[in-house]
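Comments concern the structure below.
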Amino acid sequence: MENPNTTPLVDTNRIIEERRAKLRGLREEGIAFPNDFVRAHLAEVLAAEHEDKDPQKLVDEKVAVAVAGRIMLKRVMGKACFATIQDMSGRIQLYVSVDDVGKEVLDAFKHYDIGDIVGAQGGLFKTQKGELTVRVTQIRLLTKSLRPLPEKFHGLTDQELKYRQRYVDLIMNEDTRLVFVQRARIIQAIRNLLISRRYYEAETPMMQPIPGGASARPFVTHHNALDMQFYLRIAPELYLKRLVVGGFEKVFEINRNFRNEGISTRHNPEFTMLEFYAAYTNHEYLMDFVEQILRAAAQAACGTEQITYQGRPLDLSKPFARLTITEAIRKHRPDIGDEVLKDRAKIIDKMNELKIPFRDSDGLGGLQLSLFENTVESELWDPTYIVDYPAEVSPLARRNDKNPELTERFELYICGREIANGFSELNDPEDQAERFMEQVRQKEAGDHEAMHYDADYIRALEYGLPPCGGAGIGIDRVVMMLTDSPSIRDVILFPHMRPE
């Protein structure tokens, strides 16, 4: 069956050859790709300023404009043509007539193709239908498009093609462009909020001699000049905390992390994280501040904190719920009682029954976490903090003073997926050294995601890390939520794909 999003291969090849022939003609005439046209106006701005004006008043004002963009629609008549061009802000119509540009220019314009990029000068007026239009007095072909765009009524709807050829997707689909406009607004709102609270923005290494700050399998690379193995970072955490040691008491970074893991609707090997750290704060402060960050992002992207995701309402304006791991299991899986949750042998029996994998080295806390992640996590639609994580699965978090088997750590779940992770930071260098050693033992036992021992980070802690709280927020998942996107690939401009 023929794909409705593409022109048949034979036709495509013919169209490309015809356009190449036109390009050869342009080369013979002079400069085929001129670069001296200066655009002075955007379609969106012109519409905002003039769309509501009376047609005669608009003509009387003699508004001169210079616009440029890609031809998306074109209607050829005898002595005049209409075309619609698209720029970064939107679309505007052009009117090209023999009376205004002359026969030679009009004839040349008639041979322009959909997809060509043009620059035009002229005056604004309104058509009989009231559409804001540029009466063109000068027009130039700036870029010849050699490949045909998808058929206009279908656009580009094949999902894999949209990911592989994002440039075409952005040309054809306004909804796609809006997603990435909203993404930019979300990141800007988050950055502005942090800066307004006196956080400093930092840039830490992407290539690290020791991968740290998370439990994940890293990508490995080699630096030829230094003859050293490096790892693409899995998190910026340990470097940002070094900065807190150095006196940058409130610091953040919005940048890429890399984890050599599977690909799914929620996972991409390369993804964007916000991490922020503040001295003299703890996990309670972090939870309150994460709520503020997400509300600021929602206002920037949607203009409201009450949104809809995949057909279900979601309210970010209310205080987020807070539950421990065992409280969440009891609430959402009442069939799993305390007699199971408090007994390691019984919880193992339950996990075997449910076919949930675990490691023989897992303690009771680690088993509870695995049970939660496999039975409850997907049920947490409304914003919910899961708190009091076991120390055995939180190697960088401060222990709870009342129960040292637990840590002052939380994870935030919304729409059934993890959005944020944070904790009161462990600033005891001797405790941190022992936790690193335990991670090394787990790695030696076959855990590929366990952390390395970072001696320099221990040295930094020995100079003194003030009491501190730190959190990370998955930007891609926040954008998914606020743009009603079902897959992480919908919110990453160029997601990783298998070869064509």
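Here's the yes/no breakdown for (1) surrounded by 19 or more Cβ atoms within 10 Å (Cβ to Cβ); (2) touching a Lys or Arg at 6+ places or on another chain (Cβ under 9 Å); (3) charged (D, E, K, R):
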site: D113; (1), (2), (3): no, yes, yes
site: G119; (1), (2), (3): yes, yes, no
site: D169; (1), (2), (3): yes, yes, yes
site: A184; (1), (2), (3): no, no, no
site: R197; (1), (2), (3): no, yes, yes
The range 268-292 - residue that is assigned to a strand (DSSP E or B) and of a type in the set (D, E) and, of those, farthest from E408 (Cα to Cα) = E270
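Look through L141, L146, L132 and report the one residue that is aliphatic (A, V, I, L, M), at pLDDT 95 or above and surrounded by fewer than 17 Cβ atoms within 10 Å (Cβ to Cβ).
Exactly one of L141, L146, L132 is aliphatic (A, V, I, L, M), at pLDDT 95 or above and surrounded by fewer than 17 Cβ atoms within 10 Å (Cβ to Cβ), namely L146.
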State which residue is farthest from the chain's Cα centre (by Cα) when the search covers only the range 52-103 and only residues that are under 27 Å from A184 (Cα atoms) and open to solvent by 80 Å² or more (accessible area, probe 1.4 Å).
-> R91
Consider D490 against the criteria (1) modelled with pLDDT under 95; (2) farther than 25 Å from F230 by Cβ: it satisfies all of them except one. Which criterion is unmet?
-> (1)
Given (1) surrounded by 14 or more Cβ atoms within 10 Å (Cβ to Cβ); (2) in a helix (DSSP H, G or I); (3) among the aliphatic types (A, V, I, L, M), M437 misses just (1)
Looking at (1) in contact with a Ser or Thr (Cβ under 7 Å, 6 or more places away or on another chain); (2) at pLDDT below 95, which is the only condition L232 fails?
-> (2)
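Taking the range 454-482 only, how many residues are part of a loop (DSSP other than H, G, I, E, B) and either in contact with a strand residue (DSSP E or B) (Cβ under 9 Å, 6 or more places away or on another chain) or free of Cβ contacts under 8 Å to residues at least 60 places away in the same chain (or both)? I'd like the intermediate steps shown before the answer.
Looking only at the range 454-482, we keep the residues that are part of a loop (DSSP other than H, G, I, E, B), and these are 454, 464-467.
Next cut, either in contact with a strand residue (DSSP E or B) (Cβ under 9 Å, 6 or more places away or on another chain) or free of Cβ contacts under 8 Å to residues at least 60 places away in the same chain (or both) only: 465-467.
Residues that pass the stated criteria total 3.
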Checklist (1) out of contact with any Leu (no Cβ under 7 Å at 6 or more places or on another chain); (2) surrounded by 14 or more Cβ atoms within 10 Å (Cβ to Cβ) applied to P429, failing item | (1)
Name the one entry in L94, L73, L58, L46 that is closer than 30 Å to Q182 by Cα and in a helix (DSSP H, G or I).
-> L46
Among the residues of the range 404-416, is there at least one that is more than 29 Å from V179 (Cβ to Cβ) and surrounded by fewer than 18 Cβ atoms within 10 Å (Cβ to Cβ)?
-> yes
Kindly check whether there is at least one residue in the range 293-305 that is at pLDDT 95 or above, assigned to a loop (DSSP other than H, G, I, E, B), out of contact with any Pro (no Cβ under 8 Å at 6 or more places or on another chain) and of a type outside the set (S, T, Y).
-> yes
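For (1) aromatic (F, W, Y); (2) out of contact with any helix residue (DSSP H, G or I) (no Cβ under 8 Å at 6 or more places or on another chain); (3) within 30 Å of Y163 (Cα to Cα), each residue gets a yes or a no:
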position	(1), (2), (3)
A184	no, yes, yes
A189	no, no, yes
Y199	yes, yes, no
P205	no, no, yes
N224	no, yes, no
D227	no, yes, no
L238	no, no, no
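The values are calculated or read from the model by the stated rules, or taken from the named source; none is laboratory data. This structure is a prediction, so every number in the text was calculated from the model and none was measured. Positions of Cβ are backbone-derived with ideal geometry, glycine not excepted, and every protein chain shown enters the neighbour counts. Side chains are part of the model used for accessible areas, which takes the heavy atoms of the whole protein and leaves out ligands, DNA and RNA. Shrake-Rupley method; radii C 1.70, N 1.55, O 1.52, S 1.80 Å.
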